[in-house]
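J.: Below is one structure. I have some questions about it.
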Amino acid sequence: MLKRVLLHICIFLLFSPNTMAQTQEIQIFDINQDMVIKHLPISTDIQQEVEYILKGINGVYVKYNPIPNTGLMIRIPLEPTIMVRTQWFDDLVDEVTLIFTDHESPYLMVFDDENKPYFLTFKGDTIKLLTLLNFY
């Protein structure tokens, strides 16, 4: 009986939303090295900066290959999700990937509810976000 109770508690904790949210972390991926070079916890300040960036979406990234050969990609999970409504994207966003290259302004990738990727441009500054990530 005790084993059964402990098993149920473990299962409950495993699937608890708070536990799942705590396992989410920011990942900074170096395209040159083809690996994640830094893991960071999520903070409300970072979430607010990402919301600011999402509000600045101003177009679609139109190049043929949106994934560059060099640069950085920063994957930022969002909790809670953010509703983004623009003429180019209208859906809930639970994760944003910012793409930084050497030759152009940063842009972002988000997924819709069918996991279709959207590559979008935005106006706004990323210096505060990079500072919060200790990467500037």
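J.: For Val110, only one of the following conditions fails: (1) closer than 20 Å to Gln27 by Cβ; (2) assigned to a loop (DSSP other than H, G, I, E, B). What is its number?
T.: Of (1) closer than 20 Å to Gln27 by Cβ; (2) assigned to a loop (DSSP other than H, G, I, E, B), only one is false for Val110: (2).
J.: If the Cβ limit is 7 Å and pairs must be 6+ apart or interchain, which residue in region 51-66 that is touching a residue at least 12 places away in the same chain (Cβ under 8 Å) pairs with which residue that is loosely packed, with under 13 Cβ neighbours inside 10 Å?
T.: Sorted first by the residue in region 51-66, then by its partner, the pairs are Gly56/Lys123; Asn58/Lys123.
J.: Regarding Asn58, is this residue surrounded by fewer than 16 Cβ atoms within 10 Å (Cβ to Cβ), part of a loop (DSSP other than H, G, I, E, B) and not charged (D, E, K, R)?
T.: no
J.: Further question on the same structure: Mind checking whether some residue in region 32-42 is in a helix (DSSP H, G or I) and either within 17 Å of Thr126 (Cα to Cα) or modelled with pLDDT under 95 (or both)?
T.: No, there is no match, as no residue in region 32-42 is in a helix (DSSP H, G or I) and either within 17 Å of Thr126 (Cα to Cα) or modelled with pLDDT under 95 (or both).
J.: In addition: Condition (residue is more than 20 Å from Pro106 (Cα to Cα), at pLDDT 90 or above and in contact with a strand residue (DSSP E or B) (Cβ under 9 Å, 6 or more places away or on another chain)) applied to region 44-62: is it met by at least one residue?
T.: Checking region 44-62: not a single residue is more than 20 Å from Pro106 (Cα to Cα), at pLDDT 90 or above and in contact with a strand residue (DSSP E or B) (Cβ under 9 Å, 6 or more places away or on another chain).
J.: Looking at Pro68, Pro77, which one is surrounded by 15 or more Cβ atoms within 10 Å (Cβ to Cβ) and not in a strand (DSSP E or B)?
T.: Answer to the selection: Pro68.
J.: Regarding region 109-125, can at least one residue be identified that is within 17 Å of Leu40 (Cα to Cα), in contact with a helix residue (DSSP H, G or I) (Cβ under 8 Å, 6 or more places away or on another chain) and crowded, with 19+ Cβ neighbours inside 10 Å?
T.: No.
The values are calculated or read from the model by the stated rules, or taken from the named source; none is laboratory data. On a predicted model such as this, the values are computed, not experimentally measured, just so you know. Heads up, the Cβs are rebuilt from the backbone with ideal geometry, glycines too, and the neighbour counts pull from every protein chain shown.
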